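Contents: one structure, followed by commentary.
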Amino acid sequence: MKQLLSLTRAAVDKYNMIDEGDRIAVGVSGGKDSLVLLYALARLREFYPKKFEVVAITLDYRFNFEDGDFSRVQTLCDELGVEYIVKKTDLYKVIFVDRKEKNPCSLCAKMRRGILHDTAKEAGCNKIALGHHLDDAAQTVIMNLFNGGTIGCFSPVSYLSNKDLYLIRPMIFCYEKDVARAASRLELPIVKSKCPADKVTQRQTVKELLLSLEKDYPQLRKKIVGALQRGEVDGW
């Protein structure tokens, strides 16, 4: 966990992600990435020179019209001294029942972002921390290249002028395998996804492709992120 905390702080420092007095919402899906990010920021809060607050926000999709069970995440937040907000939504109903989306991920992501942003604002937060890691960044570059013929990625720090919110991604220097290892060692309360589209997304396909290519091209994911930095693409 020390190395992951070090890499998280390196990203925070390099891209000036945290300022004095920030109230940062962590989007907690219940997966390993968001839980490790929550833990890392809660720990960083204890010794970082700039004082900031952390709030955890979970969007309950209400799959199969049932409330999700996030009680173990609540216990973790209590242990970390972090306020926890569970926002009930109609995402499952709208996407899978009403609209019967065959390719639900795009619409879901758009609706999810809107609800998360509004909930963060209601909670008095000025920033939202997302659990994207180095693997996510490399995959996004390849997806943009293959689908749109463009070189691009999400930014380490983004400003949403319409919401007056900043999005930060403190784990962009961390490999997914290290995030998974930290989640296991810390015995974090992972909530298994009930999404019907889980593990059958295009991102999963690109993830497997990159891991396969890395057998012949060592550190390919890291090289892709390095190219973003050297090219100063999208704020990298």
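The values are calculated or read from the model by the stated rules, or taken from the named source; none is laboratory data. This is a predicted model, so every value here is computed, not measured. A quick note on method: Cβ atoms are made from the backbone with ideal geometry, for glycine too, and the neighbour counts reach across all protein chains shown. With ligands, DNA and RNA removed, areas are computed over all heavy atoms of the protein, side chains included. Shrake-Rupley method; radii C 1.70, N 1.55, O 1.52, S 1.80 Å.
Values for this structure:
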{"quantity": "Number of positions in region 71-95 that are in contact with an Asp or Glu (Cβ under 7 Å, 6 or more places away or on another chain), open to solvent by 10 Å² or more (accessible area, probe 1.4 Å) and hydrophobic (A, V, I, L, M, F, W, C)", "calculated": "1"}
{"quantity": "Near pairs, Cβ below 6 angstrom, 6+ apart or cross-chain, from region 217-230 (closer than 15 Å to C174 by Cβ) to any residue that is of a type in the set (K, R) and outside any loop (DSSP other than H, G, I, E, B)", "calculated": "none"}
{"quantity": "Residue among R23, R72 that is outside any helix (DSSP H, G or I), in contact (Cβ under 8 Å) with a residue 12 or more places away in the chain and of a type outside the set (G, A, S)", "calculated": "R23"}
{"quantity": "Unmet requirement for G30, which otherwise passes all of (1) open to solvent by 10 Å² or more (accessible area, probe 1.4 Å); (2) under 11 Å from the mean Cα position of the chain (by Cα)", "calculated": "(1)"}
{"quantity": "Residues located in region 187-236, provided they are in a loop (DSSP other than H, G, I, E, B) and surrounded by 15 or more Cβ atoms within 10 Å (Cβ to Cβ)", "calculated": "L188, P189, I190, V191, C195, A197, E214, W236"}
{"quantity": "Check on L116, surrounded by 15 or more Cβ atoms within 10 Å (Cβ to Cβ), touching a Phe, Trp or Tyr at 6+ places or on another chain (Cβ under 9 Å) and under 17 Å from A25 (Cβ atoms)", "calculated": "no"}
{"quantity": "Of residues in region 48-65 being open to solvent by 10 Å² or more (accessible area, probe 1.4 Å) and at pLDDT below 95, the one nearest to the chain's Cα centre (by Cα)", "calculated": "L59"}
{"quantity": "Search result, residues across region 119-139 that are part of a helix (DSSP H, G or I) and either surrounded by fewer than 14 Cβ atoms within 10 Å (Cβ to Cβ) or within 13 Å of the chain's Cα centre (by Cα) (or both)", "calculated": "E122, L134, D135, D136, A137"}
